[in-house]
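Beneath this line is the structure, given in structure tokens, with notes to follow.
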Amino acid sequence: MRMRSKKLLLFLVAIFGLFMGTTLAIVPGITGLSKGFPNAIVLLFFGGITYACSIKIAFIIRTQFEEIRVVPKPDAAVSVIAIDDEADILQLIRMKLSKEGFDVYTASNGDEGIEKVLRDKPDVMIVDILMPGKDGYQVVAEVKARLREDSPVIIMLTSKTEDADMVKGLSMDIDDYITKPFSPRELIERINVALIKSAKENK
């Protein structure tokens, strides 16, 4: 509601600027030039500045409306489960993703993670590889076998940096593979990219 009020105010300012520039500068300036008044050029100059500012404000309003129309807010928050045996990693993911509007919950091992994924069916699953009990590969395999086409977007987040590990993960048809240490901002961007890609593939 505040955003709409600000846009309305900007719109009124733009209209007022055009009106004032026309009545107080452009028209008198043109009239003055026709009669040879020396101050006419000054009036035209200030009228031009007023016009330019008004057009700039109108352009800003139009751009903001287009951005709102092209990128609408989702009806519901994207649900994300993070499965990792490191409590600090889970805390970091929860804090950063929650600030971005994601609905985040966690699991501290593979078995707990599988149980929550099958029960809650999140939109995104972030999973470590090295965990006690079932490792990340086993979690991915079981989730995909049980949920099939309803499987979430899957991102492996792991300290395993060898090419062979990455190839093994990607060969399981996961959506992305990110190595630790990681940037929370990069994680968020790659989640968004994976969601967009998944939405296109499911159309």
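The values are calculated or read from the model by the stated rules, or taken from the named source; none is laboratory data. No experiment lies behind these values; they were computed from the predicted model shown. No Cβ is skipped: glycine too gets one built from the backbone with ideal geometry, and neighbour counts run over all protein chains shown. For accessibility, only protein heavy atoms count, side chains too; no ligands or nucleic acids. Shrake-Rupley method; radii C 1.70, N 1.55, O 1.52, S 1.80 Å.
So here's what we get for this one:
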{"read-out": "Three principal axis lengths of the stretch 82-163 [C-alpha, angstrom, descending]", "value": "32, 28, 23"}
{"read-out": "Positive-end extreme of charge dipole, the stretch 107-203 - chosen from L130, L170, V117 (charges on Cβ)", "value": "V117"}
{"read-out": "Solvent exposure ordering (accessible area, 1.4 Å, most first) of Y105, Y177", "value": "Y105, Y177"}
{"read-out": "K121, K134, ranked by accessible area, largest first (probe 1.4 Å)", "value": "K121, K134"}
{"read-out": "Å² of accessible area per residue within the stretch 160-202, as computed with a 1.4 Å probe and no ligands counted", "value": "64 Å²"}
{"read-out": "Accessible area of T161 in the full protein assembly, 1.4 Å probe (Å², nearest 10)", "value": "80 Å²"}
{"read-out": "Accessible-area value, L130, 1.4 Å probe, nucleic acids and ligands omitted, Å²", "value": "100 Å²"}
{"read-out": "Accessible surface of V167 - all protein chains present, 1.4 Å probe, nearest 10 Å²", "value": "100 Å²"}
{"read-out": "Accessible surface of the stretch 77-167 [probe 1.4 Å, protein heavy atoms]: carbon and sulfur percent", "value": "46 percent"}
{"read-out": "Relative contact order computed over the stretch 72-123 (Cα-Cα under 8 Å; 6+ residues apart), in percent", "value": "45 percent"}
